[in-house]
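Report on the structure given below.
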Amino acid sequence: SVSQSCMVRISSLYPPPLALASCAKPRDPALKKRDDFEDILEERRSSSDLRYALRCYVPVVYKGIAPCKPGVLKTAVLQSDRLRHVMSKETGESADVIREEASGILEEMAHRLRLGTVRFFAYSLSKAFKALFQRVRVNEDGIQRLQQSIQEHPVVLLPSHRSYMDFLIMSYILYTYDLSLPVIAAGMDFLGMKIVGEMLRMSGAFFIRRSFGGDKLYWAVFSEYVKTMLRNGYAPIEFFLEGTRSRTCKSLTPKLGLLNIVMEPFFKGEVFDVSLVPISISYERVLEEALYARELLGVPKPKESTSGLLKARKILSEDYGSIHVYFGHPVSLRSLAQGRINRSQYNLLPRHIPRRPSQETQAFVNETAYRLVRLQEENMVLRPWVLVAALLLQNPDGVDMERLVEQTSWLRGLAVSFGAFLDWPDYVSASKAVASSLALHTGLVRTEGGRAQLAMEPKEPGSPEEDLFDRAASVLSCASYRNQILHVFLRPALLGMAMQMAEASRKDDIYSCFSFLRDVFSNEFILCPGGTVQDFDEACYMLTKCAAVHVQKQEVVATEKGQRILSFLTSLFQPFLKGYQVGPAPFLELVDYPRHFCFLGFLPSATSELTCYEALSSDVQKNALAALLRMKVVRKLKV
Amino acid sequence: MNKCKRIWEVMKWNGWGYSDSRFLFNKKGQAEFTGRRYRLSGMVLPSLKDWFESTFGASLQHKSPATATLNASAVPFPSLNEAFLQDLKSTGIPFSHEAEDRVFRAHGHCLHEIFALREGKFGRVPDLVVWPNCHEDVVKTVDLACRHNVCLIPYGGGTSVSSALECPPDETRCIVSLDTSQMSRILWIDEKNLTAHVEAGIVGQDLERLLNESGYCTGHEPDSMEFSSLGGWVATRASGMKKNVYGNIEDLVVHIKMVCPRGVVEKSCQGPRVSIGPDIHHFIMGSEGTLGVVTEVTIKIRPMPEYQKYGSVVFPNFEQGVACLREVAKQRCAPASIRLMDNAQFQFGHALKPQVSSIFTSFLDGLKKFYITKFKGFDPHHLCVATLLFEGDRERVLQHEKQVYDIAAKFGGLAAGEDNGQRGYMLTFVIAYLRDLGMDYYVIGESFETSVPWDRVLDLCRNVKERIVRECRERGVQFPPLATCRVTQTYDAGACVYFYFAFNYRGLADPVNIYGRVEHAAREEILANGGSLSHHHGVGKLRKHWMPESISDVGIGMLKSVKEYVDPDNIFGSRNLL
C-alpha cells in the first residue's frame, strides 16, 4: 500500500494532459503509418531548369488573400496599436524619434520577398542540389495536407535544423509544389554575408538579432511584425524551434520566443486557429559534418561570409547522398489548447498591451514546443548507417564484419519495433546495407582484414594534442550519426539505466531513479517537463513488448532474454553518463550532494580521467553544467 | 378586454405565434405565408424554396411533420397540493389543471422545448395554472404558496429562450404556474412626468396600442413584443430595437412593485435618479422569476414620433460595415435602430422577397443589382447591408439621415433604399415562424446573442461562425450549417451581436442533443472572445453553467444571499440563474 500511495502521489503531481491523455495505454510506435516519398530531383534531371525557374507560379493562398507588399506590411506594423502603445509609454524621447528608431529596426528586419530572386534561387539550387545530392525526397501526402491547411488557417512551418541548407530546401520545395513561399526567421549573422544576405532577404528571410534582452521597442517591432503577417495570413511563417543548427544531429531543446509570438493571435481571438506543421529534414550526410566536430571541440564557428561560401564550393564535388523531407500532420493549435488555455483571461486588458504570459500559458507553450520537436524526431528518416555507427562506437577496438552484420540486423529489428523510421527496405540484406554504409563513410571507418573500426589514426602524426584532437573529431563525427537514433531508444534506455541504478526491482525505486535521470538529461534530450509518468509508462510498454522486462504491479524485472537489449541500451547512452561525470571546475562550488549523484560519480574532489572522447564535446559539457546548476548541485562562483 | 385564458386556442401549442400564421410550401412548391396579420401574410415568396434547398441541402420531398394535436392523455397527471387548492378556491382567483393549459405554460421557445412538443413528448409540466387579476391577487397567491410550500413559476408571454420556464424535473412539490396575463391594464398615465403605471402582465403590442390611443408610446420594441410581457422584460433585463432613442428596460422603468415570499418590495418615490445605496431595481431586473413576481411597473412614455423613416446601406464587406457602425456610435448619432447583417443574412433576406407585382419593380431591382455589383464592383458574396430606422420630427429625421449616410459613405457604404430597410425589420417578426417551416423539413435552428467590446466584434463574429461550422462537421452533421450574424445594437463601448444557427439534421440519431452541444461550444467561443453570457435573452437554466465564471464566486454569493433572505424556502423554485 505504501507503493500504491506513492504512485498515487506521483500521478497526482502530473495531471494527465487532456488531449493526449486518451493514450493512457501507450500507443505502439511500430504501428505508425508513414507516407511514401517522391524524389523531386528526378524531374529536374530530365527537364530544363531554366524553364522550371521561369514557369508560371500561382500558389494557393489563405482565404484567397493576396500576399501583401513589404511596404504595406511595414506601414501596418508602424501604425499598429501595439507600437503606438510602446511609443506612448517610452518617456524621455519624442514620438518622432522613437518612430524613426522603430522604422530603422523594421528596415533591418523586414523581408523583401521577390519572385525574381526566388526564380534565381530555383535555378541555381536546382543545379547545386543535383551536384550535391542523389535524391531530395519529399512525402507528397504531407504536401497535400499542407496545401489544405494553407487555405484554411495561418500556417507556421517548423523544420528541424541541421544545416544551412534547411531553409533553402524548404523554400525550394514549396516553390516546386506551387505552395505559398514562407517568410523565414533568420539570425542577423547572415547579414554579414554581403550580397547573399540581401538575396536571402529577397527570397523571404527576415532577420532577428540574436539577443535583444531588455530592448522593449525591438521586441515590440519584432513581435508585431511576425503577428501582423500571421494574422493576415499573408504567408506561412517559418522558423526553427531549436533556435540554431544542431551540431550534434540530435534535437536541441526548443526555444520558446517565436512560438509564443505565433500563438498569441490565437489566444487573443485574432485568428480562429493556427496550424503548426512539424517538418523533419534528414540528411544522409550533413554538409557541415567536418565543421561541426571541430566546433564541438572548441574551434570557433567560421563567421558567415560570402567569400567563405565561395570557398565552400569544393563541397560541390562530394556526394552527400539523399535528403528526406517529411511534412508532418499539421497540428491544430486550437485543439491543443482546448481545455488547457482559458482564453477569456485576455478579456480584461486591451489586446495590444503586452503582458507576461500566465503560468498555465507558459507551461502550455513549453509542452507544445517539446511535443513538436518530438514530432520532428519521430519523422526523421534514418539510414542503416546510423545503426552501424552506433555499434562501431560501442566497439572502439573494432569488430568482425560478420559480427557487425549480425548485430546491425538485430539492432534493426529492435529499432523498428521501437518505431524508428528506418529507410531500409526488406529486400536489402543486412550485409549489403552494412557494406554500402561503410562505403559512403570511408572517411570515418577503416575496414581491414574482415574487421571494421573507427578511423582514429591521424593521417599524419602530429603532437599528442593534435592527435587527440583528431581522434576526438572522428569520434564526434561518428557520434553525430549515432545521435540521430537516440530518440528512439531514449525512454527504454533511461528505464534500463534506472533499473541498474536502483539495484532492486521495486517499481517505486526504479521510478524515482528514472525520474532523476530524466531530470539530469533534460538539457541533453527532448524530455518534456511534466511528462515523467507518461515516459515511464511508455518505456515499460516498449521494453515489455520486446520481452526485455517483466512489469508487475510493484516490480520491474529484467528477463533473461532482455539482457542483451538492456546492455545495448545502457552502453548506447554510456558516453553521456561519462560526459556528465566531469569533476567540478574551478569556477563551480558543490553545494549539495544528493544520494543519486553517487551513481553518476560526481565526487567532490574527483579529477576524472579522460575515458571517453565524447566528454570533450562542448555540447555535452554545456548541457551537463546547465543540469548541475539547474538541479542546484553546484553554484557558479564569481571569479 | 382581458385576454383569453384559453390562449392556446389562438396560438400554436407546439410552435411560434398565431395558429393562423405560418409558412408552408404550396402545391407549386412555392413558399407562402398564411393568415392576415402581417405585411407578408398571404404573399408568395418565390425564391425561398431555392434558398432553403441550397442553403441546407434540404428537399421538399423529405418531410418531418409535427404531431398534429396535443394528446392530453400523454401529459403527466397533475400532483396537486389539496390544502393549497382548497385555500385558493376560497380566494376566488381563477385556476385550471387542464392538460392544455398546463402544457402551454411548461415551456419557452428553445429549440429542444419546441422539438419535444412537435414529437408529442412532455416532461415535467406545471400541476396548476392560476390567473391572478391584480396585485392583491398575487399577494394572496404568494402567501398561500408560502403557507403550503408550493413552488411558483411566474409566466408572462412565454417567449423565453433560456429554459427559464422549464419545470425542474426533480421538483417534488406541486408546481403552480402564475400566469400574469389577466393583469394587463394601464392604471394611469401621468402626462406631466411622462410616465404610465401599468400592470406587469400586459404584452408589448397591447401596451403600445393602448398608449398610442392617447398619443404616447414607450418605444420599447423587443423582437418578441407581440407576445412578451412587461413583467417578463423587467425579469430578464430586456432590450428593445429602438433603445438608441428610448433606452433599454433599465432606462425605462421608474418604479417597480414586486411580490416576494418576504413581502412586497418597492421604492417610496419616483425621483428620476437617486443615491440611496445599491439600486434595488437591479436586484429585481434580471432576477428571472427567482425572487418574486413583478406586478406593477411605472414606465416612461414619450409622445408618438411625428415621422418615421426606414433606410438601408450596402457595404462592400462586413468589416467596412462594422467600422461604420463603430464610427456612428463614436459620434453618438445612431438612429433609433441600426443593424448590420452579414452576407449570409443579406442573402437570406433576399430569399424572403415577395413576388413583385409589376415588371417595372423587377426591372428596377435588376438595375439596382447591376449598379451595386457591376458598376460599384461589390462582390455579391461579400457585401452586407445595414438597415436603419429614424424617428422624430421630419426635419430632424432628414438631417439625421444625411449625417448617417455621410458617415456610411466614408466606409464605402451606398444608400440602398427604404424598402430594403423595412424588409429587414419585418424579418425579425417572421423569423420565428420560419423556424417552424424548417422543422417541417428536417432543419433545426435557433438564435443566440451576446454583447462585446468594439475591438472584438469582428474577431468574435468570425470565430463563432467558424466554430459552429467546425463543431457541426466534427459531430457528424451531414450538411454544412447556416451560421450567420448581425450587429443589432450599438453602444459607446461595444455592440450587441445576434447569431442565427441552423442545420439539416437528416441522418442524425439525436439532432437536439447535437444542436445543444454545438450551441454550447458556440457560447464557449463567445466567452473566450470577450463576449458576454447574454445581452438580453437572460441566463435561465440554459446558460447558468457559466454564471460563476461570468460574475465570480463572490458575485454568485451576493446573489445567493439575496435569494436566501427574500425567498428562504425557494417558493420561486424555477432554479434559474443560480
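The values are calculated or read from the model by the stated rules, or taken from the named source; none is laboratory data. No experiment lies behind these values; they were computed from the predicted model shown. Ideal geometry is used to build each Cβ from the backbone, glycine not excepted, and the neighbour counts take in all protein chains shown.
Return yes when A:Ser522 is surrounded by fewer than 19 Cβ atoms within 10 Å (Cβ to Cβ), at pLDDT 90 or above and polar (S, T, N, Q) and no when it is not. Break it down stepwise before answering.
On the way: surrounded by fewer than 19 Cβ atoms within 10 Å (Cβ to Cβ): no; at pLDDT 90 or above: yes; polar (S, T, N, Q): yes.
Here the answer is no, as A:Ser522 does not meet what is asked.
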Which fully enclosed strands (runs of 3 or more DSSP E) of the stretch B:94-196 have 3 or more residues being out of contact with any helix residue (DSSP H, G or I) (no Cβ under 8 Å at 6 or more places or on another chain) and at negative phi?
B:186-190
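In the list A:Arg374, A:Arg403, which residue meets the criterion of being out of contact with any Leu (no Cβ under 7 Å at 6 or more places or on another chain), within 30 Å of A:Val331 (Cα to Cα) and either at pLDDT below 95 or part of a helix (DSSP H, G or I) (or both)?
Result of the check over A:Arg374, A:Arg403: A:Arg374.
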Could you check the stretch A:420-456 and list, in sequence order, the residues that are under 17 Å from A:Pro396 (Cβ atoms), in contact with a Pro (Cβ under 9 Å, 6 or more places away or on another chain) and either buried (at least 19 other Cβ atoms within 10 Å of the Cβ) or at pLDDT 85 or above (or both)?
A:Gln453, A:Leu454
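For (1) closer than 17 Å to A:Phe167 by Cβ; (2) in a strand (DSSP E or B); (3) of a type in the set (A, V, I, L, M); (4) modelled with pLDDT of 95 or more, each residue gets a yes or a no:
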| position | (1), (2), (3), (4) |
| --- | --- |
| A:Val262 | yes, no, yes, yes |
| A:Phe266 | no, no, no, yes |
| A:Phe272 | no, no, no, yes |
| A:Ser280 | yes, yes, no, yes |
| A:Arg285 | no, no, no, no |
| A:Ala293 | no, no, yes, no |
| A:Gly298 | no, no, no, no |
| A:Pro302 | no, no, no, no |
Just name the residue that is surrounded by the fewest Cβ atoms within 10 Å (Cβ to Cβ) out of those in the stretch B:462-484 that are hydrophobic (A, V, I, L, M, F, W, C) and more than 14 Å from chain A (Cβ to nearest Cβ).
B:Phe479
Going by what's in this entry, would B:Arg523 be described as more than 14 Å from chain A (Cβ to nearest Cβ), closer than 16 Å to B:Cys110 by Cβ and in contact (Cβ under 8 Å) with a residue 60 or more places away in the chain?
no
Complete set of residues in the stretch A:34-88 that are in a loop (DSSP other than H, G, I, E, B) and under 30 Å from A:Phe421 (Cβ atoms)
A:Arg34, A:Asp35, A:Asp36, A:Phe37, A:Ile40, A:Pro59
Can you confirm whether B:His220 is in contact with a helix residue (DSSP H, G or I) (Cβ under 7 Å, 6 or more places away or on another chain) and closer than 21 Å to B:Ser181 by Cα?
yes
Name the single residue that is modelled with the lowest pLDDT among those in the stretch A:144-170 being over 10 Å from A:Pro236 (Cα atoms) and assigned to a loop (DSSP other than H, G, I, E, B).
A:Tyr164
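Going through the stretch B:526-577 one residue at a time, which ones are of a type in the set (Asp, Glu) and within 14 Å of another protein chain (Cβ to nearest Cβ)? Before you say what the answer is, go through the steps one by one.
First, pick out the residues of the stretch B:526-577 that are of a type in the set (Asp, Glu): B:549, B:553, B:564, B:567, B:569.
Matches in the stretch B:526-577: B:Glu549 only.
Condition check: assigned to a helix (DSSP H, G or I), within 14 Å of chain A (Cβ to nearest Cβ), modelled with pLDDT of 95 or more and surrounded by fewer than 18 Cβ atoms within 10 Å (Cβ to Cβ). Does B:Asp459 satisfy that?
No.
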Does the stretch B:447-455 contain any residue that is within 11 Å of another protein chain (Cβ to nearest Cβ), crowded, with 21+ Cβ neighbours inside 10 Å, within 26 Å of B:Gly538 (Cβ to Cβ) and of a type in the set (S, T, N, Q)?
no
Residues being touching a Leu at 6+ places or on another chain (Cβ under 8 Å), in a helix (DSSP H, G or I) and over 18 Å from B:Thr490 (Cβ atoms): count how many of those fall in the stretch B:304-347.
3
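Would you say A:Arg231 is in contact with an Asp or Glu (Cβ under 7 Å, 6 or more places away or on another chain), among the basic types (Lys, Arg) and surrounded by fewer than 22 Cβ atoms within 10 Å (Cβ to Cβ)?
Judged against the criteria, A:Arg231 is a match.
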Select from the stretch B:20-51 the residues that are touching a helix residue (DSSP H, G or I) at 6+ places or on another chain (Cβ under 8 Å) and under 24 Å from B:Ser224 (Cβ atoms) and list them in ascending order.
B:Ser21, B:Arg22, B:Phe23, B:Leu24, B:Ala31, B:Phe33, B:Tyr38, B:Arg39, B:Leu40, B:Leu45, B:Leu48
Sort out which residues of the stretch B:485-516 are closer than 27 Å to B:Phe318 by Cβ and either within 14 Å of chain A (Cβ to nearest Cβ) or in contact with a Pro (Cβ under 7 Å, 6 or more places away or on another chain) (or both), and write them in order of number.
B:Ala493, B:Gly494, B:Val497, B:Phe501, B:Ala502, B:Phe503
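So which of A:Leu404, A:Leu411, A:Leu333 is in contact with a helix residue (DSSP H, G or I) (Cβ under 9 Å, 6 or more places away or on another chain), within 14 Å of chain B (Cβ to nearest Cβ) and surrounded by 22 or more Cβ atoms within 10 Å (Cβ to Cβ)?
Answer to the selection: A:Leu333.
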Within the stretch A:346-367, can one find any residue that is closer than 30 Å to A:Arg412 by Cα and either β-branched (Val, Ile, Thr) or away from chain B (no Cβ under 14 Å) (or both)?
no
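In the set B:Ile407, B:Ile444, B:Ile468, B:Ile431, which member is at pLDDT below 95 and β-branched (Val, Ile, Thr)?
Details: B:Ile407 fails: at pLDDT below 95; B:Ile444 fails: at pLDDT below 95; B:Ile468 fails: at pLDDT below 95.
Checking each option against the conditions leaves just B:Ile431.
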For B:His197, which of the numbered conditions (1) more than 21 Å from B:Pro272 (Cα to Cα); (2) touching a residue at least 12 places away in the same chain (Cβ under 8 Å) fails to hold?
(1)
Condition first: modelled with pLDDT under 95, out of contact with any Gly (no Cβ under 7 Å at 6 or more places or on another chain) and within 14 Å of chain B (Cβ to nearest Cβ). Can you find one or more residues in the stretch A:232-241 that meet it?
yes
